[in-house]
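Down below is the structure, laid out as structure tokens.
The values are calculated or read from the model by the stated rules, or taken from the named source; none is laboratory data. Keep in mind the model is a prediction, meaning the values are calculated, not measured. Heads up, the Cβs are rebuilt from the backbone with ideal geometry, glycines too, and the neighbour counts pull from every protein chain shown.
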Amino acid sequence: MTNILEVKGLSAYYGPIRALFDIDFTIATGGVTALLGANGAGKTTTLRALCNMIRRTGTSVMAGQDISRKATEDIVRMGVAHVPEGRGTFAGLTVEENLRLAFHTRRDHAAARRDLELVFDYFPRLKERLKQQAGTLSGGEQQMLAISRALMLAPRLMLLDEPSFGLAPLVVQEIFRILRRINEHEKVSMLIVEQNAALALELADHVYLLETGRVVTSGPSSMVQNDETLRKAYLGY
Amino acid sequence: MEFLLQQIASGLTSGAIYACVALGLVMIYVSTDHINFAQGEMAMFATYIAWALIQAGIPYWIAFGLTILIAFTGGLLIQRFILKPLEHAPVLALVVCFIALLSIFNAIAGMLWSYTVKQFPSPFPIGDPTGHGLISYHQIGVVAVTAIMLGVLTIFFRFTTLGLAMRAAAQNPASARLMGVRVSWMLALGWGLAAAIGSVAGMMVAPIVFLDPNMMTGILIYGFAGALVGGIGNPGGAVVGGFVVGVLENLVGTYLIGNELKLTFALIIVVGVLILKPAGLFGRVNVKRV
Ligand SMILES: Nc1ncnc2c1ncn2[C@@H]1O[C@H](COP(=O)(O)OP(=O)(O)OP(=O)(O)O)[C@@H](O)[C@H]1O
Ligand SMILES: [Mg+2]
């Protein structure tokens, strides 16, 4: 099995403060990898570092191409779609404009139009709200919009930062079901950060546990699911 | 009554100019949170370029188009080479930079073309269509040119994906990058557009106030007042604000305080809006949900 992403010695900094310490990890092509850990462990930082949104060192190679030093926009254009913490909604734009933004980035407009239909298949609720200002969407709808914006980029790898954050359990389940479908049908590999460890472990095939900016353990999801000591120590359940 | 209408017509003409200046200011403000104090001098400089082109024998409308292009390129280059390196500089450094740009443009214009006042041609016929001095062809032309420009800009921002990308970059730069938008280039485009809009204002006002290196100083203050009245973060509001200030300025100047104090009136608007209604009349309060 090949890897869509290989990360070696990744460190990241906020000003003088170091938040990640030489972490290594890989994401299998077509797979879903979960990145779990307590608050402040460095999960969001890892995703930001991958997209070069903060100062970082170390190497990240995506599908054979070194993306360590590329600008955020270029990493995105190479097929990495980041659904950020807080959802990154363009509050003052309409739902349609939020989605149509991908037409600026992409050259293949015909394919982009097909992807728009695809998004409406996954999230019919957004289609009903096309002209609505995105800032007035509910939290769940904004999360759907954020995932849809990422889908519109026709990504090979999706980075998802706590898609369940602040949402009702039913909505969370719906979103995770859709994420699974996206992974299977669109062949999008995923790196997912979650507080809801049980749910993330169900979706993911592989997991990394992070503590204060370091990887403490990693392995198949089942390994963590079946290891009560590990679960209690790091995931609190 | 006739005199009142005349004042309003002339107010609309100045209003059109203020609207352009206000729009140029807002264009840069929405994407960077900075007020470009050099907006007026950039417009003045562009107008001198137009003057030089016309002196060289180039027909008016071709010179007009060339000037817009040159101003656009100039604005773009200013952002790329002067402001981009200052991306992470403190606000005060930027203020100093804007003021430096202002005096540099003023000084270079004075050096190249001297401080003596020059006539600038109007592309519109002399006289007035009503036959009794209500409104001149130039005044109608100014309003029409502004309206066309605003129409083109509206179409650009609402219906093209590039315009959409610029709006997205202004609203949420981090998120825009994650959609693959080259935010830094969007800022440069914003500077280019602001400079282009300013150049139109300069070329339209020069036949009225005559061309000299200081011709835009007062106009910048009126434009700023207009932008504030409309809500400094709102392009549509800035345009309306520009017209409101133009008409009010004429009426207040004529009927209340006399022409000598008109600029004071603009300053009172600036201070008044900042104190009483900082978001402006049409200040858009973005609905946000967390
Ligand atoms: N903008 C910032 N400036 C300075 N320090 C930061 C910043 N963002 C995060 N940090 C620090 O970096 C460390 C890792 O933070 P990060 O946001 O990556 O945690 P996280 O694992 O995503 O936590 P959570 O589950 O709460 O989202 C924390 O110690 C945090 O205080
Ligand atoms: Mg986080």
Inside region B:133-177, the number of residues satisfying the requirement of being charged (D, E, K, R) and more than 10 Å from every other protein chain (Cβ to nearest Cβ) is 0
So, in region A:32-58, of the ones that are of a type in the set (Val, Ile, Thr) and closer than 24 Å to A:TYR234 by Cβ, which residue ends up farthest from ligand 2 (Cβ to nearest atom)? A:VAL32
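Check region A:75-83 and report whether any residue there is within 16 Å of ligand 1 (Cβ to nearest atom), charged (D, E, K, R) and under 18 Å from B:ALA174 (Cβ atoms).
no
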Within region A:49-96, how many residues are crowded, with 21+ Cβ neighbours inside 10 Å and in a strand (DSSP E or B)? 7
So B:VAL30, is it touching a helix residue (DSSP H, G or I) at 6+ places or on another chain (Cβ under 8 Å) and modelled with pLDDT of 90 or more: no
When region A:131-171 is examined, which residues are found to be within 16 Å of ligand 2 (Cβ to nearest atom), within 10 Å of chain B (Cβ to nearest Cβ) and not in a helix (DSSP H, G or I)? A:LEU159, A:GLY166
Within region A:104-120, count every residue that is farther than 25 Å from B:ALA169 by Cβ and not hydrophobic (A, V, I, L, M, F, W, C). 2
So A:THR212 passes all but one of these: (1) out of contact with any Ser or Thr (no Cβ under 9 Å at 6 or more places or on another chain); (2) within 16 Å of ligand 2 (Cβ to nearest atom); (3) under 30 Å from A:ASP121 (Cα atoms); (4) of a type in the set (Val, Ile, Thr). Which condition number does it fail? (3)
Across region A:97-111, what is the total count of residues that are surrounded by 19 or more Cβ atoms within 10 Å (Cβ to Cβ) and either aliphatic (A, V, I, L, M) or more than 7 Å from chain B (Cβ to nearest Cβ) (or both)? 4
Restricting to region A:178-195, give me the number of residues that are outside any strand (DSSP E or B), within 16 Å of ligand 1 (Cβ to nearest atom) and buried (at least 19 other Cβ atoms within 10 Å of the Cβ). 1
Assess whether B:ALA196 counts as being within 14 Å of chain A (Cβ to nearest Cβ) and among the hydrophobic types (A, V, I, L, M, F, W, C). no
